[in-house]
Amino acid sequence: MTDEDVGTEQDVAADARVDRWEEATTWPLTLVSVVFLVAYAWPILDRELSPTWRVVAGTVTTVTWGVFVVDYVGRLLLSTRRFRFVRRNPLDLAVVLLPVLRPLQLLRVLSILNSAAGSSLRGRVAAYVAGSTALVLLVSSLAVLDAERTAPGSNIRSFPDAIWWAFSTVTTVGYGDRFPVTGQGRLIAVGLMVAGIALLGVVTASLASWLVERVSEVEEESRTATARDVIALSDQVAALREELRDLRREH
């Protein structure tokens, strides 16, 4: 056995360990993501929240972030090709390194939506698009409200304002009646614009794929029906020929 074969077997074993880790942590990390969402959103939505509960919420968000750090490091250590692991999981690394991206941990919830969607590719795509859109809108609304609410000259001062801004931005409409004025808010807006373009692209591609599939099905049904008609007509012609031969024999 060559060194290359040994290396390949080790890589396969390492990938299997990573897969088992991810399978075992899917539900716990999903629960942690939901806890993070509650702890993250509570101080933003409740302006009258006491300082004690704000400290509690901040502690919970920090602890949940630590859980995701442990998850990332664990998967990294289980992988033999660690540089390839880092290269293939840029979002996980960004969430670990950049606090502003911590709400993206909620994308873990999409793994549950994927399981619920069954084996249908279109069902999984629809679940991912719907789930991604809802999470992106919610998280970006909370994040921009947190960044803009107390900023001088801000026009996003309530959650309804933030939701309206998120919807108009993610759909690339951009009415301009609500817009961020802080650097952090504009960074969130850039991310939301990119996400909106990506989501619209997925929706458009899925719709186009469905239309092409339907047209193909109609064409296939038409070809099948035409083939049946031709066969039936051929049988009728053959029967007429047989009747003509019988008539000629009688005469």
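The values are calculated or read from the model by the stated rules, or taken from the named source; none is laboratory data. Bear in mind the structure is a predicted one, so any value in this text is a computation, not a measurement. Positions of Cβ are generated from backbone atoms using ideal geometry, with glycine treated the same way; all protein chains shown enter the neighbour counts. Side chains included, ligands, DNA and RNA excluded: accessible areas come from the protein's heavy atoms. Shrake-Rupley method; radii C 1.70, N 1.55, O 1.52, S 1.80 Å.
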Extension reserve of the Leu187-Asp19 stretch, reckoned as 0.36 nm per residue once the Cα distance is removed: 57.1 nm
Convex hull volume per residue for the stretch 154-209, taking Cα atoms only, in Å³: 67
Thr204-Val34 pseudo-label distance in nm [points 7 Å out on the Cα-to-Cβ vector]: 3.6
Area accessible to solvent at Phe167, 1.4 Å probe radius, in Å²: 100
Residues in the stretch 47-67 that a label on Arg157 would reach, taking backbone N under 19 Å of a point 7 Å out along Cα→Cβ: 47-49
In Å², nearest 10: area of Tyr128 left accessible to a 1.4 Å probe: 90
Sites Tyr175 and Asp46 - FRET efficiency at Förster radius 25 Å, r taken between beta-carbons, to 0.05: 0.35
Computed E for Val69/Val212 - FRET, C-beta separation, R0 45 angstrom, nearest 0.05: 0.55
Highest average packing first - 136-145, 49-58, 86-95, Cβ atoms within 10 Å: 136-145, 86-95, 49-58
